[in-house]
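In what follows, a structure is listed as structure tokens, so that the remarks can point back to it.
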Amino acid sequence: MGEWVFVCATSQLLPGEMTTAWDGDTAIAVFNYDGEIYALEDRCSHEDFELSAGTFDPATASIECVLHGARFDVRDGRALCAPAYEPVAKFPVKINDTGIWTRDDRE
Ligand code: FES
């Protein structure tokens, strides 16, 4: 299992904002939805495009893939509309004095 990777200070990811981090070869998109932090693999389940190139909509807690318009719930990674049907991987988040951490926990 991978080590935790530092994302940013909590003050650098405000409600409605998104950022990215890497755990080895895994790109991770990190979201602040209404004060709660969520992390998903930064890869659309449709054709593997980077999700973070798309738009995070804080009003609906969703991210829209810029390539073909699939949307995913940032809270659990489930696909909300075609052309994606599979979820994207959700990763754990840890917050401490230094900031926000996540990791790819699939191995
Ligand atoms: S690659 Fe994301 S919707 Fe097609």
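Listed values, structure above:
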quantity	calculated
Around Val5: net Lys/Arg minus Asp/Glu count, Cβ-Cβ under 9 Å	-2
For the stretch 19-66, convex hull of alpha carbons as volume per residue, Å³	67
Translational diffusion of the stretch 5-102, µm² s⁻¹ [Kirkwood Rh, Cα pairs; Stokes-Einstein; 37 °C; 0.692 mPa s]	251
Partnerless cysteines, meaning none of the other Cys C-beta atoms lie under 4.7 Å away, in the chain	Cys8, Cys81
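Computed from the coordinates by the stated procedures, all read-outs in this text should not be read as laboratory data. In this text the structure is predicted, and so the values were computed from the model without any measurement. No Cβ is skipped: glycine too gets one built from the backbone with ideal geometry, and neighbour counts run over all protein chains shown.
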